[in-house]
Structure formats: C-alpha cells, structure tokens
Amino acid sequence: MKSFYNAEKISENVWWVGAVDWSVRNFHGYLTGRGTTYNAFLIIDEKVTLIDTVKKGFFAEMMERISSVIDPRKIDYIISNHAEPDHSGCLAEAIAAIQPERVIASAMGAKTLKAYYGIDVEIAKDPVSIGCGSLSFVETRMLHWPDSMVCFYDRDGVLFSQDAFGQHLAGSKLWADEYDPSLLEYEMSKYYANIINAQSAKVLTVLDALIALNLDIKVVAPDHGPLFRKDFDKIFAAYRRYAEQKPCARAVVVFCTMWHATEELARAFADGVRYAGVEVELIDLAVSERSAVMTAVAASGLAAFGAPTMNNQVFPAMADVLTYIRGLKPQNKIGFAFGSCGWSGEGAKQITAELEAMKFDLPIPFIQSKYKPTEEELKNIFDAGYTLAEKLKQSL
Ligand code: FEO
C-alpha cells in the first residue's frame with residue numbers, strides 16, 4: 001500500500017525523496033513568496049545512496065518517501081553535496097536511523113558538518129562506484145558555500161547540482177517543463193540574484209568546468225524547486241547571462257518616503273526614464289522587501305535609490321536594502337542617488353557613498369530637496385532620469 005508521502009521516480013534508478021515547504025516565507029532574509037522544496041534523492045543501485053537530506057522538521061516526510069520504495073536501513077551511502085542546514089538539518093537523524101556504511105562530503109563539507117553536528121564524514125574522491133554506476137564529484141566552492149559540490153551519476157545521467165539552478169518554488173509537479181516558463185524564469189533569476197550573485201565570477205568558471213567534462217546529462221536535479229529533464233543549454237545559458245551581468249535596457253527606482261517628498265522625486269525621475277523609452281519599475285520600500293529589490297536591480301542596467309534623512313541618517317529601510325544589495329555585489333550598473341530632508345541632509349550622501357562602494361557608475365551628482373521638491377528640482381530630476389536612460393541605451 002502506498003504511504004502518504006511517496007517517492008517519485010526521476011530516472012531508471014533514481015527517486016526524488018525530498019520535502020515540500022509550502023509555508024516558508026523568510027529564507028534567511030529572502031522572501032520566499034511561493035515557498036520552496038528541499039530536494040533529496042535516492043539512487044537504487046548495488047549500493048543504495050541518498051543524495052542530500054532535508055531541513056530540520058522535514059525528516060519524517062523524507063523518510064516516509066524513502067520507505068515508499070525501500071527500507072531506509074538498506075541505504076549504504078549518504079552524500080552531502082552542501083552542508084547548509086536546509087540540506088543537512090536532519091543529517092544526524094538520518095545517520096542514526098539508517099546507519100550507513102559511508103557518509104561522504106567535500107573537504108570543506110566535512111569541516112562544516114563536524115562544526116554543526118559533530119559528525120565525522122569521509123572526503124569525496126573520484127569516482128565512487130555504487131554498482132552499475134558511479135558518482136563523480138565537482139567542487140563548486142562558494143556556490144553556495146565553501147563546502148558546496150555537485151555530483152554526477154553516470155548510469156542515469158543525473159547531475160545533482162545542489163543550490164545551482166534551484167528556485168524557491170513549492171509545487172506538486174516535479175519537472176520544470178510542467179510550470180509556466182515565465183514563473184520559472186522569474187524564480188530562477190530571483191534565486192540567482194539573492195543567493196548566488198555575489199559569486200558570479202566563480203559561476204562562470206564552474207560552468208566552463210562542467211561543460212568541459214562533456215557529461216551526458218539527462219536530468220539536472222537541484223536541491224530546490226523543480227528539476228530539469230530537457231533544455232540544459234537554456235539553463236546553462238541563463239546562468240551564464242546572470243553571471244556576466246551585462247547591462248540591460250531596464251531601470252529600477254527604489255525609494256522610501258516619510259511625507260511624500262522623496263516619492264515625488266522618484267516619480268519624476270522614473271518619468272524621465274520612461275520618456276527616454278526605457279522600461280522602468282518603481283519600488284516603494286513601504287510595500288516591498290529586499291529580495292524583490294535585489295531581483296529588480298540584477299535585471300536592470302540603471303538603478304536609482306532615494307530616501308529621506310531621519311535623525312541624521314538615511315531612512316533605515318534604505319540602509320537595510322543597500323547593505324543587503326552591497327553584499328550581493330551587482331556589477332555594471334549606472335546608479336543615481338536622491339532624497340529629501342528638512343535640515344541636515346545625510347540621506348542622499350549616504351546612498352551615494354554606498355553606490356560608490358558598489359562601484360556603480362554615478363555620472364550625475366545626487367539631487368536632494370528640502371521639505372518639498374520645487375518645480376525646478378522636479379524638472380532637474382526628470383532630466384536626470386532621461387539623461388541616465390539615454391546613457392544606458394548607448395552602453396548596450
Ligand atoms: Fe539551499 Fe545554500 O542552501
């Protein structure tokens with residue numbers, strides 16, 4: 001009889017045995033509006049092998065899915081591709097319940113798992129035969145953590161890519177081609193912008209290394225969201241495009257406001273951009289959050305940030321967003337700072353300093369109005385939007 005949580009076959013000898021987290025909305029500061037999945041995989045070869053586990057709290061779901069196809073105590077090996085707790089949170093429980101012959105991770109993974117859980121594991125060395133097929137490993141340091149690696153099961157052509165190519169997207173369908181392509185593209189780009197972007201230079205190196213291996217890939221199985229069974233060129237090309245961060249013909253204006261002065265400036269700037277024929281999005285931080293902002297910044301060649309001054313500081317919502325974005329290291333952006341103040345006026349200066357630290361190109365000095373923008377200031381900031389949008393178009 002089928003159990004409540006069942007495994008799903010993804011290839012001749014591999015099963016998905018992960019968990020769906022429909023409820024999570026805050027993933028270490030990333031707003032996961034559509035939940036996520038923690039994907040784990042079971043290979044039934046001569047040596048039964050579990051690839052990754054799931055977040056703490058989802059152990060029972062994973063074990064029930066495994067039990068729907070095999071007694072979990074028959075698992076011989078566990079591979080930990082990534083030690084972040086969303087994939088290792090129940091590893092200790094799994095080891096206790098399964099008592100596997102071998103637990104394997106990268107060298108950095110071994111250190112991380114020891115630090116988190118006191119677990120001693122074996123360090124991956126290529127290849128590990130598991131019977132008719134074998135597992136080969138490629139270290140992908142900093143994608144997403146120093147311990148990260150991917151592994152390839154040659155018998156079925158499955159690339160277990162851990163965080164790479166993932167999306168925070170809960171669903172009842174297993175395959176990416178069963179989802180609306182624009183939804184999938186948005187969630188993949190959002191995931192990249194908020195999780196991977198800071199390591200874009202390494203992404204290009206890893207992509208080249210994977211392509212050079214000339215793997216006969218039949219399935220790409222990330223640790224979050226749906227899996228891919230076709231169009232591998234497209235997802236590799238998407239990651240290359242995200243990583244290269246070439247300027248694109250789109251602008252975003254991010255603002256917060258106290259008494260609508262900064263909002264008026266934001267709208268006037270955006271209208272100047274629009275007048276130049278460049279698509280522009282306004283994001284009001286009162287009704288948005290940092291991961292949506294970072295997604296929009298990553299997808300834009302021009303990013304303007306405006307905030308009031310409060311208590312001699314930039315308004316806190318803007319400080320939060322800029323700190324977050326700075327850590328993710330967006331490249332090749334034209335930037336602009338603006339704001340409003342009553343007297344001291346540190347806000348736009350602090351935004352400018354942050355954008356300079358991020359190496360944004362700032363061709364026009366900040367514009368800051370006192371109390372309420374004058375007609376002349378509104379015209380000036382409209383012109384700034386127009387001029388920067390024209391400059392963006394010339395750079396494409
Ligand atoms: Fe899904 Fe970096 O963990």
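Observations on the model:
- Cα-Cα separations in the range 290-332 greater than 14 Å, expressed as whole percent: 49 percent
- For the chain, averaging the sequence separation of C-alpha pairs within contact (under 8 Å, six or more residues apart) and dividing by the residue count gives a relative contact order of 12 percent.
- The solvent-accessible area of C341, taken with every protein chain present and a 1.4 Å probe, is close to 10 Å².
- Kirkwood radius, the range 1-158, all distinct C-alpha pairs, inverse of mean reciprocal distance: 15.7 Å.
- Computed over the range 1-52, Cα set: Rg, Dmax in Å: 14.0, 41
- Taking 26 Å as the limit for the C-alpha separation, the pairs K56/K111; K9/K202; K190/K329; K55/K173 exceed it in the case of K9/K202.
- Whole-number Å³ per residue for the convex hull built on Cα positions in the chain: 137 Å³
- In units of the rule-of-thumb radius 2.2 N^0.38 Å, the range 298-372 shows an alpha carbon radius of gyration of 1.04.
- A convex hull fitted around the alpha carbon atoms of the range 256-350 yields 92 Å³ per residue.
- Using alpha carbons only, the radius of gyration of the range 184-241 set against its Kirkwood radius gives Rg/Rh = 0.94.
- Helix-only mean residue ellipticity at 222 nm for the chain, each DSSP H run of n ≥ 4 adding -39500 (n - 2.57), per residue, nearest 500: -10500 deg cm²/dmol
- Protein-only accessible surface order, largest first, of H224, H28 at 1.4 Å: H28, H224
- Descending principal axes extents, the range 30-93, alpha-carbon based, whole Å: 41, 22, 19
- With N the number of residues in the range 94-237, Rg(Cα) / (2.2 N^0.38 Å) evaluates to 1.08.
- Rg and Dmax, both from the Cα atoms of the range 95-171 and both in Å, are 13.6, 35.
- Antiparallel beta bridges, as assigned by DSSP with both residues in the chain, represent about 40 percent of the total such bridges.
- Inter-part distance where the range 326-380 and the range 134-187 are each reduced to a Cα centre, Å: 38 Å
- Sequence of Y117, Y242, Y153 when ordered by accessible area, the most exposed leading, probe 1.4 angstrom: Y117, Y242, Y153
The values are calculated or read from the model by the stated rules, or taken from the named source; none is laboratory data. Because the structure is predicted, anything quoted here is derived from the model rather than measured. These accessible areas exclude ligands, DNA and RNA; they are computed on the full protein's heavy atoms, side chains included. Shrake-Rupley method; radii C 1.70, N 1.55, O 1.52, S 1.80 Å.
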